[in-house]
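Visitor: Please find one structure pasted underneath; my questions will follow.
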Amino acid sequence: MAPRSSRSSARGARDAAADQWLFFLLVVAGIAIAIGVLGPWPRAIEPPRTVPLTMAQARVSNAAVPVQRDRRGRAAPFRFHGGAASREQAAECLATAALYEAGDDRRGQRAVIQVILNRVRAPGFPKTVCGVVYQGHARATGCQFSFTCDGSIQRRTVHSGWAAARRAGRRALDGYVFAEVGKATHYHTDWMVPYWRDTLTKVARVDSHLFYVRS
């Protein structure tokens, strides 16, 4: 019979190993939940293709599509459900998208953030903030926000706008609504025409970006 101290040591080693594996699995699950990959991913709503037009032609084409402000709807204040760590992670995802998509333009940042929160509450999109931001990020084509799959995010640098973008993200999670884009779930720049444009209703323009709701 093995000495009691040997059995206790072996049992302690097994328990420690089990605890390490459990911690590892919890970390992996937390990351997966944050980006929405544990649930079924919805089909990409926006093909990454564009109509083959020059920038000037695209601007003329986009200008011909009227803005229907009465169709934009009124977005309700967003209410975040989750702990402090999850909330901070969501704010970071919002800030990242806002800065990469809109740069230092504060109105543009708020518009991008509003679209993300609108998507969280819309059918067919992931149900978490980070899930919406990184939807399709593993594919070279099909990502919903181009910075997540075109290599831009790999070149993340120190930027003076991060603090402001994070404040905007936290404010939106506290219920701030950027009413100018209403319930818009899609947008694009005015110098390109995505194939999905004419299937949606244009409801707003913020600088060079055009915003749409589902028809």
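The values are calculated or read from the model by the stated rules, or taken from the named source; none is laboratory data. If you're wondering where the values come from, they're calculated on a predicted model, not measured in any experiment. Note: ideal-geometry Cβ built from the backbone for every residue, glycine included; neighbour counts use all protein chains shown.
Visitor: Tell me, yes or no, whether the range 175-190 has at least one residue that is part of a loop (DSSP other than H, G, I, E, B), at pLDDT 95 or above, farther than 24 Å from HIS81 by Cβ and touching a Ser or Thr at 6+ places or on another chain (Cβ under 8 Å).
Guide: Yes: one or more hits.
Visitor: Every residue in the range 116-132 that is in contact with a Phe, Trp or Tyr (Cβ under 6 Å, 6 or more places away or on another chain) and in contact (Cβ under 8 Å) with a residue 60 or more places away in the chain, please.
Guide: Across the range 116-132, the qualifying residues are ARG119, VAL132.
Visitor: Regarding ARG79, is this residue assigned to a helix (DSSP H, G or I) and either of a type outside the set (A, V, I, L, M, F, W, C) or over 21 Å from ARG166 (Cβ atoms) (or both)?
Guide: no
Visitor: Can you name the residue in the range 177-202 that is among the hydroxyl-bearing types (Ser, Thr, Tyr) and surrounded by fewer than 17 Cβ atoms within 10 Å (Cβ to Cβ) and, of all such residues, is nearest to the chain's Cα centre (by Cα)?
Guide: Ranking the candidates gives THR189 first.
Visitor: Under 8 Å between Cβ atoms, which residue pairs at least 6 apart in sequence (or on different chains) link something in the range 83-105 that is closer than 15 Å to HIS188 by Cα with a partner that is outside any helix (DSSP H, G or I)?
Guide: Within 8 Å, the pairs are ALA97/PHE145; TYR100/PHE145; GLU101/PHE145; ALA102/HIS209; GLY103/GLY161.
Visitor: Could you tell me how many of the residues in the range 46-76 are within 23 Å of ALA122 (Cα to Cα) and not in a loop (DSSP other than H, G, I, E, B)?
Guide: Qualifying residue count for the region: 3.
Visitor: Condition check: assigned by TED's automatic domain parsing to the domain that holds ALA168, closer than 23 Å to PHE211 by Cα, at pLDDT 90 or above and in contact with a Pro (Cβ under 9 Å, 6 or more places away or on another chain). Does ARG119 satisfy that?
Guide: For ARG119, the condition - assigned by TED's automatic domain parsing to the domain that holds ALA168, closer than 23 Å to PHE211 by Cα, at pLDDT 90 or above and in contact with a Pro (Cβ under 9 Å, 6 or more places away or on another chain) - is met.
Visitor: Identify, by number, the condition in (1) over 16 Å from TYR187 (Cβ atoms); (2) at pLDDT 95 or above that GLY124 doesn't meet.
Guide: (2)
Visitor: How about the range 191-215: which of its residues are assigned to a strand (DSSP E or B) and of a type outside the set (Val, Ile, Thr)?
Guide: PRO194, LEU200, LYS202, ALA204, ARG205, HIS209, LEU210, PHE211, TYR212, ARG214 - these are the residues of the range 191-215 that are assigned to a strand (DSSP E or B) and of a type outside the set (Val, Ile, Thr).
Visitor: Criterion first (within 20 Å of VAL206 (Cβ to Cβ) and of a type in the set (Val, Ile, Thr)) does THR96 satisfy it?
Guide: Here the answer is yes, as THR96 does meet what is asked.
Visitor: Examine the range 150-168 for a residue that is out of contact with any helix residue (DSSP H, G or I) (no Cβ under 7 Å at 6 or more places or on another chain) and modelled with pLDDT of 95 or more, and state whether such a residue exists.
Guide: The answer is yes; a qualifying residue exists.
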